[in-house]
Amino acid sequence: MAYLELQGLQKRFGDVVALGGVDLSLARGEFLTLLGPSGCGKTTALRIVAGFEVPDGGRVMLEGQDITDVTPSRRDMGMVFQAYSLFPNMTAEQNVEFGLKIRHHPPAERAKRAAELFDLIGLSDARTRYPHQLSGGMQQRVALARALAIEPRVLLLDEPLSALDARVRVHLREEIRRIQTELGITTLYVTHDQEEAMAVSDRVVVMSRGHIEQIGSPAEIYGAPATPFVAEFVGTINWFEAEVLDGGRGEVDYRGTRLAVDAVRGRSAGERVVVVVRPEVVELETLRGGRAPEGALAGRVKAHSFLGAVTRLKIDMQDRADILADLSSTRAGAFPIGGQVVVRFPPEGTRVLNLPPS
């Protein structure tokens, strides 16, 4: 039995469909992330699980019990918001103890639990400080400890890192994952940041316009996108339309060039498909003789984007869409801007998707 289930959740705000019948389940101790652009429904789903929104249809089940109509205070869930939402007139320790205090836990027990959590989040020296005396990252750690203090059955995090600078975000997401793993707490996380989702999650749910596009491990979402939306939203992608020439041999026609694409095996000749290729898969070599070899394309290096260990090259393919290729920065110098190159797509490195509805 799933630990937490969203069954057919529906929610409208006027004419806007926020959730169009979302079905989702989490295992006990799983870290699952809802990923998508603004307005895709991810935060609405989280707020329904927390009890802050009432669905128009569907149910929320926790350990086999329907909690759809249970008030937020009786759901035993810990919530961490984008804004730190700490009480400014309380010390960090008092903030962490607050949930236990309103549940009438004795002072000694509250103090013991707070001490354990401050040790867990690495802020034992900051217990007596007030929120304005803490950095943003420290405040969010205190907010996390406050959510964990009541020992919730589910931890809910709504874009908890978006207000922090990049370096602090990376450090704190690692801390959140460490703490979640150490405690084994079931966690539902919301973000629009692909890198963040990939770094912390057991599974990722990609959402668009109130519907789920794909559910899978980070590796599955990145390496085998199920729809054109997922392919474009997660990471950087090259994609182009092609026609299947031979589904048995795995060949397509791309504007007059025959390319080997293993993923079209079993498809019918004449079928139109979308071929997707990640930039790190693209292979380049210097063009010699003016024409590309059979099964390859010719192009001209249009731009370099230095990304540290990797440099991204934009290749002008003339009458075709530009191609992006990621090379190690030490190797990228062999392909100067303006240089003619041969572009290859390894057959096993390509993916094929159905054409989206017109």
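The values are calculated or read from the model by the stated rules, or taken from the named source; none is laboratory data. Not measured: the values here are computed from a predicted model. Positions of Cβ are generated from backbone atoms using ideal geometry, with glycine treated the same way; all protein chains shown enter the neighbour counts.
Values as computed for the structure displayed
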{"read-out": "Region 112-125, subset part of a helix (DSSP H, G or I) and touching an Asp or Glu at 6+ places or on another chain (Cβ under 9 Å), residue surrounded by the fewest Cβ atoms within 10 Å (Cβ to Cβ)", "value": "Ala115"}
{"read-out": "Any hit, region 2-11, residues being surrounded by fewer than 22 Cβ atoms within 10 Å (Cβ to Cβ) and at pLDDT below 95", "value": "yes"}
{"read-out": "Subset of region 24-40 (residues that are under 17 Å from Gly235 (Cα atoms), part of a strand (DSSP E or B) and not polar (S, T, N, Q))", "value": "Leu34, Leu35"}
{"read-out": "Flag if Leu324 is in contact (Cβ under 8 Å) with a residue 40 or more places away in the chain, touching a helix residue (DSSP H, G or I) at 6+ places or on another chain (Cβ under 9 Å) and under 26 Å from Gly223 (Cα atoms)", "value": "yes"}
{"read-out": "Selection from region 88-111 of residues that are out of contact with any Lys or Arg (no Cβ under 8 Å at 6 or more places or on another chain), surrounded by 12 or more Cβ atoms within 10 Å (Cβ to Cβ) and without any contact (Cβ under 8 Å) to a residue 24 or more places away in the chain", "value": "Gln94, Ala111"}
{"read-out": "Breaking point among (1) touching a helix residue (DSSP H, G or I) at 6+ places or on another chain (Cβ under 8 Å); (2) surrounded by 18 or more Cβ atoms within 10 Å (Cβ to Cβ), for Arg47", "value": "(1)"}
{"read-out": "Residue match in region 31-41 (condition: among the aromatic types (Phe, Trp, Tyr) and surrounded by fewer than 14 Cβ atoms within 10 Å (Cβ to Cβ))", "value": "no"}
{"read-out": "Within region 266-319, considering residues that are touching a residue at least 60 places away in the same chain (Cβ under 8 Å) and over 30 Å from the mean Cα position of the chain (by Cα), the one farthest from Val342 (Cα to Cα)", "value": "Arg267"}
{"read-out": "Flag if Phe31 is modelled with pLDDT under 95 and either within 25 Å of the chain's Cα centre (by Cα) or hydrophobic (A, V, I, L, M, F, W, C) (or both)", "value": "no"}
{"read-out": "Among residues of region 46-102, those that are assigned to a loop (DSSP other than H, G, I, E, B) and either closer than 29 Å to Ser124 by Cβ or not hydroxyl-bearing (Ser, Thr, Tyr) (or both), counted", "value": "24"}
{"read-out": "Flag for Thr44 being assigned by TED's automatic domain parsing to the domain that holds Leu172, in contact with a Lys or Arg (Cβ under 6 Å, 6 or more places away or on another chain) and of a type in the set (Val, Ile, Thr)", "value": "yes"}
{"read-out": "Wholly within region 132-224, strands (runs of 3 or more DSSP E) carrying at least 3 residues that are touching a residue at least 12 places away in the same chain (Cβ under 8 Å), farther than 30 Å from Leu100 by Cα and of a type outside the set (Asp, Glu)", "value": "203-208, 211-216"}
{"read-out": "Test for Leu100: is it assigned by TED's automatic domain parsing to the domain that holds His211 and under 24 Å from the mean Cα position of the chain (by Cα)", "value": "no"}
{"read-out": "Residue in region 249-264 that is surrounded by fewer than 16 Cβ atoms within 10 Å (Cβ to Cβ), over 18 Å from Ala325 (Cα atoms) and touching a helix residue (DSSP H, G or I) at 6+ places or on another chain (Cβ under 7 Å) present", "value": "yes"}
{"read-out": "Residue check for Glu241: assigned to a helix (DSSP H, G or I) and within 29 Å of the chain's Cα centre (by Cα)", "value": "no"}
{"read-out": "Any hit, region 63-85, residues being under 27 Å from Arg173 (Cα atoms), hydroxyl-bearing (Ser, Thr, Tyr), in contact (Cβ under 8 Å) with a residue 12 or more places away in the chain and buried (at least 16 other Cβ atoms within 10 Å of the Cβ)", "value": "yes"}
{"read-out": "Entirely in region 268-358, the strands (runs of 3 or more DSSP E) that have 1 or more residues that are more than 15 Å from Ala242 (Cβ to Cβ)", "value": "283-286, 297-306, 310-316, 323-328, 340-344"}
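Every residue, every condition in (1) in contact with a helix residue (DSSP H, G or I) (Cβ under 8 Å, 6 or more places away or on another chain); (2) modelled with pLDDT of 95 or more; (3) surrounded by fewer than 17 Cβ atoms within 10 Å (Cβ to Cβ), yes or no:
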residue: Pro160; (1), (2), (3): yes, no, no
residue: Leu164; (1), (2), (3): yes, no, no
residue: His171; (1), (2), (3): yes, no, yes
residue: Arg178; (1), (2), (3): no, no, yes
residue: Ile185; (1), (2), (3): yes, yes, no
residue: Leu188; (1), (2), (3): yes, yes, no
residue: Val204; (1), (2), (3): yes, yes, no
residue: Ile212; (1), (2), (3): no, yes, no
